[in-house]
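Worksheet: one structure, shown below.
The values are calculated or read from the model by the stated rules, or taken from the named source; none is laboratory data. Since we're looking at a predicted model, the values are computed, not measured. Heads up, the Cβs are rebuilt from the backbone with ideal geometry, glycines too, and the neighbour counts pull from every protein chain shown.
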Amino acid sequence: MKIDLTINGAAHSFEVHPGTLLMELLRKEGVFSVKHGCETGECGTCTVLIDGRSINSCIYLAAQAHGKSIVTVEGLGTPEKMHPIQAAFVETGAVQCGYCTPAMVLASHELLSQNLEPTEADVRDALSGQLCRCTGYVKPVEAVMLAARRMKEGGHREEGLSSHREADDSPGRRQASLR
Ligand code: FES
Ligand code: FES
């Protein structure tokens with residue numbers, strides 16, 4: 001079947017098997033920030049933003065993404081021009097092995113797109129679907145709080161990212177119990 005979607009602002013058309021997972025499609029296209037982890041929707045390391053909402057791409061069919069806008073961490077910033085969330089993760093030392101970091105950054109992005117004055121509890125809630133074996137979550141929480149302050153003070157506006165925020169009950173959406 002043919003699907004059309006946008007990846008980090010670029011339009012794509014793909015011929016896919018109905019059972020192809022979005023994670024498989026993205027990695028086949030070279031989007032390697034989307035990591036293989038549990039592949040059962042538990043660890044969050046395969047997180048991407050679809051129309052601004054974080055989903056686990058290991059349990060989300062590529063066909064479900066037809067007509068949608070997908071953003072991965074490659075679409076947020078570059079090493080030369082990092083997104084404030086990425087910069088805050090680096091500055092606070094929130095990156096250790098880095099395996100969970102793209103997903104952490106995207107989950108943080110979803111939160112800060114809606115709330116630039118999060119409490120620590122809000123941040124912990126937003127990151128609770130992202131399992132990290134290294135940091136103990138202290139530094140990532142610090143990083144998101146720092147990014148929120150800077151984005152608020154700097155009047156940060158997203159460019160080129162989808163602004164859709166409608167409810168999404170699709171299977172890849174993190175379970176309420178994981179948040
Ligand atoms: S790989 Fe663990 S949630 Fe997708
Ligand atoms: S930094 Fe290693 S798993 Fe999170």
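For (1) among the aliphatic types (A, V, I, L, M); (2) more than 16 Å from the chain's Cα centre (by Cα); (3) surrounded by fewer than 19 Cβ atoms within 10 Å (Cβ to Cβ), each residue gets a yes or a no:
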position	(1), (2), (3)
Met1	yes, yes, yes
Gly9	no, no, yes
Pro18	no, yes, yes
Glu42	no, no, yes
Thr45	no, no, no
Asp51	no, no, no
Gly67	no, yes, yes
Fill in: Within segment 85-112, tally of residues that are within 22 Å of Met23 (Cβ to Cβ), in contact (Cβ under 8 Å) with a residue 60 or more places away in the chain and of a type in the set (Gly, Ala, Ser)
2
Worksheet item: So, in segment 8-31, of the ones that are part of a strand (DSSP E or B) and of a type outside the set (Phe, Trp, Tyr), which residue ends up nearest to ligand 1 (Cβ to nearest atom)?
Response: Leu21
Worksheet item: Only one of Ala103, Ala121, Ala143 is at pLDDT 95 or above, of a type in the set (A, V, I, L, M, F, W, C) and closer than 13 Å to Ser54 by Cβ; which?
Response: Ala103
Discussion item. Please determine whether any residue of segment 79-91 is more than 14 Å from ligand 2 (Cβ to nearest atom) and assigned to a strand (DSSP E or B).
Written reply: no
Worksheet entry | Test for Leu49: is it within 18 Å of Met151 (Cβ to Cβ) and more than 12 Å from ligand 2 (Cβ to nearest atom) | yes
Response to the item:
By residue number, the members of segment 124-142 that are under 14 Å from Glu110 (Cβ atoms), in a loop (DSSP other than H, G, I, E, B) and out of contact with any strand residue (DSSP E or B) (no Cβ under 9 Å at 6 or more places or on another chain) are Ser128
Worksheet item: Does Cys43 satisfy the criteria of being under 21 Å from Leu111 (Cα atoms) and either more than 16 Å from ligand 2 (Cβ to nearest atom) or part of a loop (DSSP other than H, G, I, E, B) (or both)?
Response: yes
Discussion item. Going through Val34, Val95 one at a time, which residue ends up being in a loop (DSSP other than H, G, I, E, B), closer than 23 Å to Gly9 by Cβ and within 16 Å of ligand 2 (Cβ to nearest atom)?
Written reply: Val34
